[in-house]
1. Using a 10 Å cut-off around each Cβ, can you sort Asp154, Asp176 from fewest to most neighbouring Cβ atoms?
2. At 0.36 nm per residue, minus the direct Cα-Cα distance, what do Ile152 and Lys165 gain on full extension? Give it in nm, one decimal, please.
3. Using alpha carbons only, how many angstrom separate the centre of segment 84-141 from the centre of segment 144-192?
4. Would you mind computing, in nm to one decimal, how far apart the modelled labels at Arg120 and Tyr79 are, each placed 7 Å from Cα along Cα→Cβ?
5. Which length gain, in nm to one decimal place, applies between Gln130 and Ala191 when the Cα-Cα distance is subtracted from 0.36 nm times their residue separation?
6. Please list, by residue number, everything in segment 92-131 whose backbone N is under 17 Å from a paramagnetic label point 7 Å out along Cα→Cβ of Ser69.
7. What's the FRET efficiency of Thr143 with Asn182 using the Cβ-Cβ distance as r and R₀ = 25 Å, to the nearest 0.05?
Amino acid sequence: MRTLFICLSMCGVALPGCERLRTKPSSSPASARTSEPPKTPSPTRPPLVAPASSDSAKQPGAPATEPRSSRGTLTVRVYDTPLELQLDALTVCGGEFKLAGFGVRYVGQMSQNWRSQFQRHVALQKRSVQFGESEMELPMIGTVKVLSGQLIIDEVVNENPSRVKGRIAFTLPGPDGPSSFNGTFEVGIVAK
């Protein structure tokens, strides 16, 4: 039951544009008086991922996004059903890495020479000094911390710009205990 709840929540992450997830505005005056104002993210905590925007529409002071060529996908298997999530990049900087995208962020330690990690297990960590915490945003649950995990870079798909394929396994907390998930990813690498 707990795994089903987490799985259904992950489906909500994979289907952000789904009509069922949107609230429909009501035109009746009675419902307008009782409806609450829309919730906005806390000003003290930025969202996990900045919304995608074109370079021409970039606002001054807006967070920088990774180049489009580094974008990719993360496919997580839930009850043998693949759920595809968008990734921004695998960023390597100062001995740490961040694999991040829409509602997901996994962090850990990795050499600046990421090629030396080819086909080796790289542990996901709960927290990184540079990149914050490993976590996922799940609908109706909120932010869930990643307890543990690992990733493996299996293949270099392209050299310039650098793009890799790999596998990931991670554990999330659940109401009845931890649940483990496996998946694959393909994404560009941004070395800073």
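1. Asp176, Asp154
2. Using 0.36 nm per residue and subtracting the Cα-Cα distance, I get 3.8 nm.
3. 7
4. Inter-label distance under the simple model: 3.9 nm.
5. Between Gln130 and Ala191, full extension yields 20.6 nm more.
6. Under 17 Å, as judged by backbone N against the label point of Ser69, lie 92 of segment 92-131.
7. E between Thr143 and Asn182, to the nearest 0.05, is 0.70.
Read-outs: derived from the displayed coordinates by stated rules, not from any lab. In this text the structure is predicted, and so the values were computed from the model without any measurement. A quick note on method: Cβ atoms are made from the backbone with ideal geometry, for glycine too, and the neighbour counts reach across all protein chains shown.
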